[in-house]
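The values are calculated or read from the model by the stated rules, or taken from the named source; none is laboratory data. Every value quoted in this text rests on a predicted model; they were computed, and no experiment measured them. Note that we place each Cβ from the backbone using ideal geometry, even for glycine, and neighbour counts take in every protein chain shown. Note: areas computed on protein heavy atoms with side chains; ligands, DNA, RNA excluded. Shrake-Rupley method; radii C 1.70, N 1.55, O 1.52, S 1.80 Å.
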Amino acid sequence: MDYPIEVDSEGIKLKPDKMEVEKLYYCIYQEKVMLFYKDQNDMLNCYEISEKNIVDEVKNSKPDDIENILEKYMSQKS
């Protein structure tokens, strides 16, 4: 399956019909990590992370590590 998020010079293009429910998708756009997921009600949720240390860590990681990185920072805030 194609990744449901594309980033180009015009911005972010989403294909919510290709998203799995409750699966986290991300991209990096304008030095921010953009997070997207579709919930059980087919509502599309979007979050933006602009903290430089998180953005840099996401940029330098493998896609499979993104959720672990986010969980690490969330646990530090609790």
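In a reduced charge model with +1 at each Lys and Arg Cβ and -1 at each Asp and Glu Cβ, the chain shows a dipole moment near 140 debye about its Cα centre. Counting only protein heavy atoms and a probe of 1.4 Å, the accessible surface of the chain is 47% carbon and sulfur.
Helix 66-77 and the longest principal axis of the C-alpha atoms of the chain enclose an angle of approximately 50°.
Work out the charge dipole of the chain with +1 on the Cβ of Lys and Arg and -1 on the Cβ of Asp and Glu about the Cα centre, then indicate which of 4, 21, 37 is farthest towards its positive end. Among 4, 21, 37, the one farthest towards the positive end of the dipole of the chain is 37. Normalised per residue, the accessible area of segment 37-78 is 78 Å², obtained with a 1.4 Å probe and no contribution from ligands, DNA or RNA.
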